[in-house]
1. Can you give the extra length, in nm with one decimal, that the chain gains between residue 20 and residue 162 once fully stretched, where that is 0.36 nm per residue apart less the Cα-Cα distance?
2. In whole angstrom, how long is each semi-axis of the equivalent ellipsoid of the chain, when you take the square root of 5 times every eigenvalue of its Cα gyration tensor and sort them from largest down?
3. So what's the gap between the Cα centers of segment 227-287 and segment 155-198, to the nearest angstrom?
4. Sort 224-230, 18-24 by the packing proxy (mean of other Cβ within 10 Å over each peptide's residues), most packed first.
5. Go through 156-164, 67-75, 181-189, 239-247 and give me the packing order, highest mean Cβ count within 10 Å leading.
6. Among 132, 101, 250, whose mean-square fluctuation peaks in a Gaussian network model of the chain (Cα, cutoff 10 Å)?
7. Between 190, 309, 133, which gets the highest mean-square fluctuation from a Gaussian network model of the chain, Cα cutoff 10 Å?
8. Arrange the following residues from fewest to most other Cβ atoms within 10 Å of their Cβ: 176, 83.
Ligand SMILES: NC(=O)c1ccc[n+]([C@@H]2O[C@H](COP(=O)([O-])OP(=O)(O)OC[C@H]3O[C@@H](n4cnc5c(N)ncnc54)[C@H](OP(=O)(O)O)[C@@H]3O)[C@@H](O)[C@H]2O)c1
């Protein structure tokens, strides 16, 4: 049976979680790691028993024993690194934020089509069991018609604070790092907003330290969204319908062991529980990409190119309202 051979570009924090989760993926093996320094690649390779350690990104994308590359660098580099992978005909799973702006995202997706090569944004939430159940419950009309979504994601980074959190060249700021999860939820459940309002508090580097966003829809629906690097927040979400409510509790965007369902007031609370996932939660998206590649697909039927473009276009609209500008926007 065919096996999909993975490589990772960038040996940082998320790369380590992803590498560990690949152990739970069927028909997948981790063959290579690429880092800017050979010693970092070797250390990573030792930790996860990876056969090939490359001391440059150029070298990992040229590794003939690799089919697909997981891009785990700061989002300021996703554009450059995705083009590097695609140029060498490597399939790509690219971390969020997929790009800095929609123009970059369009270019990346167009190049993937030109190269006839698979690319997907690593939007892990879409593949998690609790989120899939929520989608099924909504399709079954469990909350009636959704009237509003209220979602927030906030944490206060603790020292030593990673440079990428606030550095505009690396794509810093709460919106592109964590605010895109509440934004994704509203887009996935309510669609493209007709109007957007947004305001932010800048960090000393000019990127947003926290941001408040409101989506308005012509039919009277709303989404109230928030992200912050200034406070540890509940990181929950409420999906409010005219016949019920679903509350996604603590860290709604990641794997969870329970969600709350209400058909009336708070007294009607029903807790729906899940088994804990085997890994950190990245195994679901990794399994999906592995399956897509085995089937020879060039685009995921779940996290579609149009989903990524809608998200990036909306992030651009929010940034315009809030006044968030990156050096990449001027290119
Ligand atoms: N889906 C999720 O749940 C999730 C969670 C966290 C982060 N992420 C995303 O994953 C990406 C990486 O985040 P992270 O937390 O893993 O970051 P990190 O720990 O800082 O690692 C980023 C890696 O990128 C490489 N890199 C290349 N050029 C760099 C530069 N100029 N400055 C800093 N690093 C550079 C480095 O790898 P080498 O030096 O080894 O080459 C570094 O180890 C971001 O886009 C972030 O949004 C996603």
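1. Full extension from residue 20 to residue 162 adds 49.0 nm.
2. Square roots of five times the eigenvalues give 32, 23, 19 Å.
3. Using only Cα atoms to place each centre, the spacing works out to 18 Å.
4. 224-230, 18-24
5. My ranking of the peptides, most packed first, is 67-75, 181-189, 239-247, 156-164.
6. 132
7. Of 190, 309, 133, the most mobile in the Gaussian network model is 133.
8. In increasing order of surrounding Cβ atoms, one gets 83, 176.
Here, each number is a calculation from the coordinates, and none is a lab measurement. Predicted, not measured: the structure shown is a model, and the values here were computed from it. Counting neighbours? That spans all protein chains shown, and the Cβs are built from the backbone with ideal geometry, glycine included.
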